[in-house]
Amino acid sequence: MSENFEPFPFDVILKFLQDNNWENCSVITLQDLRQPTAPLVQKLYFNFLQEFGFSDSLLMIPFEVLEDLESPDIYKDMIPIMSLQAACVHLFTKLTGDSGFGIMDLINPTAKRTQRFISVMQNFWLFCNSQWAHVEQIQGEVDRLVRSRVEYEAKIEEYKNKINQCKSKAVEEKAEEDSLMEEIDQLKEELKQMFPKQKELNEMRSNLKTELESLATKKTGLLEELRKVEAERDNLQGVFEGAAVLQKLDVEL
């Protein structure tokens, strides 16, 4: 144990124990601390360890362990004490670097060693208590961060689903686009094949137009000739009619 650590006086330790109202601690006296007994110190150490988060079942022996022991009656009283001693050694090693807490400190304690070990635990308890508000604040921040993480993870999962949906839709649209492009290529090919036919039809139309124009010209000429013939016919008919009249007159005369 650190040589620089100064243990609390017995009366300070006593007041601390009474103020905490731990089980059976309210009846402890200064004389009990100056002449500690095994049951007393075991109870005090166990109460401190519970405050520091150690399990309530620390002193309980698992049934299967008793079954494996050849003489369980011999060990059933020692195993809880050994568990308590191991827990105390673990704590004191972490707090002070001292692993000198022994089994004798639990079954045959001295006032001086008990005072020093209890003072270490009391000092650590006071430190934890002074930091409790800060710890609660940090815990609240941790809880907030945990909730935020859950929300962010949910958002990330939502976005992943949306991305997968978009990818799936993109695949479908790509397939549709490929199909349309295939149809366009087919139509282009058909249109390309139609170009020679269109050229041929254009030539035929041009030829027909030329022929129609030629026929129209011929028709115009024929109509003109027809008018001349009809005029000549009309002239000849007039002559014949005149001749007939003259002949009739000659007969009558």
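Hey, if you put +1 on the Cβ of every Lys and Arg and -1 on every Asp and Glu Cβ in the chain, which of Q18, A111, H134 ends up farthest toward the positive end of that dipole?
A111
If you take Rg and Dmax of the Cα atoms in Å from the coordinates, which of (i) 20.6, 67; (ii) 61.7, 198; (iii) 20.7, 72 do you get?
Checking each listed value against the structure points to (ii).
Report in % the part of the accessible area of the range 68-183 that belongs to carbon and sulfur, leaving out ligands and nucleic acids; probe 1.4 Å.
The nonpolar share, carbon plus sulfur, comes to 56 percent.
In square angstrom, what is the accessible area per residue of the chain with a 1.4 angstrom probe?
Counting only protein heavy atoms, the per-residue value for the chain is 77 Å².
From the phi angles alone, apply the Karplus equation (6.51, -1.76, 1.60; θ = phi - 60°) to the range 192-199 and give each ³J(HN,Hα) in whole Hz, x where the residue is Gly or Pro.
Result, rounded to whole Hz: 5, 5, 6, 4, x, 4, 5, 5.
At R0 = 41 Å, how high is the FRET efficiency between A86 and R144 if r is their beta carbon distance? Nearest 0.05 is fine.
0.65
Between Q137 and K43, what is the label-to-label distance in nm when each label sits 7 Å out along the Cα-to-Cβ direction?
3.9 nm
Please list, in order along the range 238-253, the HN-Hα scalar couplings obtained from phi with the Karplus expression 6.51 cos²θ - 1.76 cosθ + 1.60 (θ = phi - 60°), rounded to whole Hz, x for Gly and Pro.
Coupling constants for the range 238-253: x, 5, 4, 5, x, 5, 5, 5, 5, 4, 4, 5, 4, 5, 5, 6 Hz.
If you wrap the range 186-253's Cα atoms in a convex hull and average its projection over all directions, what's the area in nm²?
If I average the Cα hull's projected area over directions, I get 6.4 nm².
Sort out for me the Cα centre separation of the range 38-53 from the range 138-189, rounded to whole Å.
58 Å
Could you rank the peptides 80-90, 222-232 by their average count of other C-beta atoms within 10 Å per residue, with the highest value first?
80-90, 222-232
Applying the Karplus parametrisation 6.51 cos²θ - 1.76 cosθ + 1.60 with θ = phi - 60° to the phi angles of the range 107-120, what ³J(HN,Hα) value in whole Hz is obtained for each residue in order, glycine and proline being reported as x?
With coefficients 6.51, -1.76 and 1.60, one gets 9, 8, x, 10, 5, 5, 5, 4, 4, 5, 5, 5, 5, 4 Hz.
Can you pull the semi-axes for the range 145-245, root of five times each eigenvalue of the Cα gyration tensor, sorted largest first, whole Å?
Computed over the range 145-245, the values are 91, 17, 7 Å.
The values are calculated or read from the model by the stated rules, or taken from the named source; none is laboratory data. Remember, it's a predicted structure, so these values are computed and weren't measured experimentally. Cβ sites come from the backbone with ideal geometry, for glycine too, and all protein chains shown count toward neighbours. Just the protein is used for accessible areas: all its heavy atoms, side chains included, with ligands, DNA and RNA removed. Shrake-Rupley method; radii C 1.70, N 1.55, O 1.52, S 1.80 Å.
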